[in-house]
Amino acid sequence: MNANLLFLILLLPLFGGALNAMAGSYLPRRLRGTLAVVAVAAAFVCTLLLWPLSAAEGTRITLFTWLQSGPLEIGFSILYDALSASMALMVTGVSTLIHLYAVGYMDQEEDTARFFALLNLFVFAMLTIVLADNLLLLFLGWEGVGFCSYGLIGFWYSKLENAQAGRKAFLVTRIGDVFLGIALLWLFSLLGTLGIPEVNAQAGQIASGTVTILVLLLLGGACGKSAQLPLMTWLPDAMAGPTPVSALIHAATMVTAGVYLLCRLFPLVSLSPAAMLVITLIGAATAFYAATCALAQTEIKRVLAYSTMSQIGYMFMAVGAGTVSGAMFHLYTHAFFKALLFMGAGCVIHLCAEENDIHKMGGMAGKSPFVFVMFLAGALCLAGLPWSGGFFSKDGILLAVFAQPGGWYRLAWLIGLLTAFLTSLYTFRLLFLVFAGTPRIEQHPHPLPGLMRWTLPPLALLGLAGGLINLPEAYGGAEALRQQLGSLAGTLTPVAHQTEYVLATIASAMFLLGALGAFGRYSSYPGRQQSLSRDFLRQGWQADSLVARVILRPFDSLTDFSWKGIDLSLIEGLLQTAAEGCLKNGERISRLATGRVSTYLAGFGWGLLLLLGWFLLSLAGHSS
Amino acid sequence: MIVPLSHLLIVAGIMFIMGLACTLARRNLIMILIGVEVMINAVGLTLVGGSAFWQQIDGQLVVVLLMALTSAEVSISLAMVVYLQRRKGTIEADRYSEMKG
């Protein structure tokens, strides 16, 4: 098998995106979408066919040298091992379905060339992150993903708030990118290489204190991209983009890039127990924070956005607890059911005539049983219905955190358990509010295109049966993903099956409690309630106004001071004074130039007198 | 040398001062030019005196050069005086103040 074919995985979406970007507006509408879908689907097929190359240590191959300067040599190269191959398979597979869905969703849209170009470029950038052999190439994909998400979130830019949401996402993730950039430069100066396998292999040479700081910097980058505390404010606003974008970027792929980065560099990350603990605690805090916020949201997509944040918190906990396979397992199942949920939400919004508010929905189950069943499948996975994909992956993470020694890990486990309860609660709240009862407003549904319907069942199947990817031994599975990842699977602490069953029972109880709680409260529509705590949660614990107060306003006053205080008053004032002084002096001196010969001659005379006086004085000085 | 150098310097100095006074005090262009001539000749006298005192030929050479230059200067300046008289009908120096800054 020719390893060079691996580059097709990357180049096909790039080609599709470039073609749509340059010539898309001249193509017929139907062709634009088809082109995008075919490009991504072909990449998926390539990934699948080239799967054998990922066996053992995987395949490393360089297309060309990208940068060369002294000891720095960066190739445009691919690392195709078990981790990146399985991730690439998930990304291309889910992306293909989402692209198909997008063709149906954007049917009425004008500017589809730009949309599909950005969508394809986004997949290219994401695959660059996944397949990159060195950290600089990964960083290229990292930034590409940021740019494409900026363009897609602000896709309907004629509305100012959409454009602002795009800008916010771009700027907030940029903060994380700065940390990542610093980490890369530092790694290069320490090790003299940026190749991922080399960095992982030589990580042991770095002093332990430095490793902790490095991992924390990487964590900063991951937090920005994955919307973890404290860089999480952009994700809820990013729902301003079209729904397929939310499904693609904010559920399946981009936000998981941070988790993937930490998994990719796990041998480095695992060298610092302190940083691992920090990762776990940040994950736990975000999971809890986002789950509480999701409880009070009134827009269907914002509920899902906060739940995404919360689930990614779980993945961070998994990385912190040392189980890469657990993190990746949850990443995959989450990608399936969250893409399903977002696409289902897109269908619901379509059926409600572009209405986003769940208080205005209701009775959707009767209107479209198909969408209801699909959404229910996704929701049950999210809530953690026993034996669904989400149940196994979440359980695996909680188990791994539980197995770690130390009080902090136990605390994180408790928070994770509480979050599982909250997850079930908000998921069923959403289900009841949207699907139960009778419609609460007059609706004029749009017809649902077939493409939007038939992309849902495969994802529902994948989500519900996702547990098979990595079925734990306690349930008779073989932990296929963990076997596949081999040495990349992280450091797992073995746990007795007995404990595993007990923990699973507790988790199931959490699921049931949440479901019952939501049933008791929302089975009949309770009406829109207003309270301070509700508003506080709905606005994400006032994170936005906190950021405004702590960062934006001081920054504003600093810039105001720099502008008015320093630039206008001091610098321009000084220059103004100097210029005015010169002007006045010039005017005064120019008055001497009368134009009359006699004045100048008098000047000569005075000059002569001065010279003679000078001579006389020096003569007197000599003689005395 | 028949005349002592100091006498010569005194005469030259007086001539120079007189020329200067004429240049500064008069407003008539021709009178100013005459003043300038007197000053130049005072300098020439000093040069000749110095040349005789130190028995050096250089001073006399410079004086010859000075005479040639003076004759050229006079011819140009007198031509300009004629021109100015034609243009403005006056040779009062203060009337020509177009170069005022």
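The values are calculated or read from the model by the stated rules, or taken from the named source; none is laboratory data. Note that the structure is predicted; figures quoted are calculated from it, not measured. So basically every Cβ, Gly included, is an ideal-geometry build from the backbone, and we count neighbours across all protein chains shown.
A residue that is in contact (Cβ under 8 Å) with a residue 40 or more places away in the chain, away from chain B (no Cβ under 14 Å), not aliphatic (A, V, I, L, M) and not in a helix (DSSP H, G or I) can be found somewhere in the stretch A:538-556.
Take the conditions free of Cβ contacts under 8 Å to residues at least 60 places away in the same chain and under 30 Å from residue A:473 (Cβ atoms) and apply them to residue A:405. Does it pass? For residue A:405, the condition - free of Cβ contacts under 8 Å to residues at least 60 places away in the same chain and under 30 Å from residue A:473 (Cβ atoms) - is met.
Scanning the stretch B:82-101 for residues that are of a type in the set (Ser, Thr, Tyr) and surrounded by 11 or more Cβ atoms within 10 Å (Cβ to Cβ), we see that the one that is nearest to the other protein chains (Cβ to nearest Cβ) is B:97.
Here is a yes/no grid of residues against (1) assigned by TED's automatic domain parsing to the domain that holds residue A:358; (2) touching a helix residue (DSSP H, G or I) at 6+ places or on another chain (Cβ under 6 Å); (3) buried (at least 24 other Cβ atoms within 10 Å of the Cβ):
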position	(1), (2), (3)
A:211	yes, no, no
A:214	yes, yes, yes
A:223	yes, yes, yes
A:227	yes, yes, yes
A:233	yes, yes, no
A:273	yes, no, no
A:276	yes, yes, yes
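Within this structure, residue A:303 fails the test of being closer than 27 Å to residue A:491 by Cβ and aliphatic (A, V, I, L, M).
For the stretch A:557-592, filtered to residues that are among the small types (Gly, Ala, Ser) and either within 14 Å of chain B (Cβ to nearest Cβ) or more than 56 Å from the chain's Cα centre (by Cα) (or both), the residue that is nearest to residue A:606 (Cα to Cα) is A:590.
Residue-by-condition table, conditions (1) farther than 23 Å from residue A:33 by Cβ; (2) at pLDDT 85 or above; (3) of a type in the set (D, E, K, R); (4) surrounded by fewer than 24 Cβ atoms within 10 Å (Cβ to Cβ):
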site: A:59; (1), (2), (3), (4): yes, no, no, yes
site: A:66; (1), (2), (3), (4): yes, yes, no, yes
site: A:70; (1), (2), (3), (4): yes, no, no, yes
site: A:91; (1), (2), (3), (4): no, yes, no, no
site: A:97; (1), (2), (3), (4): no, yes, no, no
site: A:102; (1), (2), (3), (4): no, yes, no, no
site: A:109; (1), (2), (3), (4): no, no, yes, yes
site: A:116; (1), (2), (3), (4): no, yes, no, no
site: A:119; (1), (2), (3), (4): no, yes, no, no
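For the stretch B:27-47, what are the residues that are farther than 17 Å from residue B:76 by Cα and at the interface with chain A (Cβ under 9 Å from one of its Cβ atoms)? Across the stretch B:27-47, the qualifying residue is only B:27. The one condition from (1) surrounded by fewer than 24 Cβ atoms within 10 Å (Cβ to Cβ); (2) in contact with a Lys or Arg (Cβ under 8 Å, 6 or more places away or on another chain) that residue A:325 does not meet is (1). With respect to the conditions (1) within 14 Å of chain B (Cβ to nearest Cβ); (2) part of a helix (DSSP H, G or I); (3) modelled with pLDDT under 90, residue A:595 lacks only one, and its number is (2).
Checking each residue in the stretch A:464-485 for being buried (at least 19 other Cβ atoms within 10 Å of the Cβ) and within 27 Å of the chain's Cα centre (by Cα) picks out A:464, A:466, A:467, A:469, A:470, A:481, A:482, A:484, A:485. Looking across the stretch B:50-101, the residues that are closer than 30 Å to residue A:585 by Cβ and in a loop (DSSP other than H, G, I, E, B) come down to B:96, B:97, B:98, B:99, B:100, B:101. Of the residues examined, residue B:52 is not one that is in contact with a helix residue (DSSP H, G or I) (Cβ under 9 Å, 6 or more places away or on another chain), within 14 Å of chain A (Cβ to nearest Cβ) and of a type in the set (A, V, I, L, M). Here the condition is being in a helix (DSSP H, G or I) and within 23 Å of residue A:133 (Cα to Cα); of A:33, A:24, A:75, A:17, it holds for A:17 alone. Assessment of the stretch A:463-480 against the conditions (in a loop (DSSP other than H, G, I, E, B) and touching a His at 6+ places or on another chain (Cβ under 8 Å)) yields no matching residue.
Looking at residue A:611, is it of a type in the set (A, V, I, L, M), within 14 Å of chain B (Cβ to nearest Cβ) and under 30 Å from residue B:16 (Cα atoms)? Against the criterion (of a type in the set (A, V, I, L, M), within 14 Å of chain B (Cβ to nearest Cβ) and under 30 Å from residue B:16 (Cα atoms)), residue A:611 qualifies.
The rows are residues; the columns are (1) under 23 Å from residue A:274 (Cα atoms); (2) touching a His at 6+ places or on another chain (Cβ under 8 Å); (3) part of a helix (DSSP H, G or I).
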| position | (1), (2), (3) |
| --- | --- |
| A:401 | yes, no, yes |
| A:405 | yes, no, no |
| A:417 | yes, no, yes |
| A:433 | no, yes, yes |
| A:439 | no, no, no |
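Does the stretch A:598-607 contain any residue that is loosely packed, with under 11 Cβ neighbours inside 10 Å and either more than 25 Å from residue B:92 (Cα to Cα) or away from chain B (no Cβ under 14 Å) (or both)? Checked the stretch A:598-607: no residue is loosely packed, with under 11 Cβ neighbours inside 10 Å and either more than 25 Å from residue B:92 (Cα to Cα) or away from chain B (no Cβ under 14 Å) (or both).
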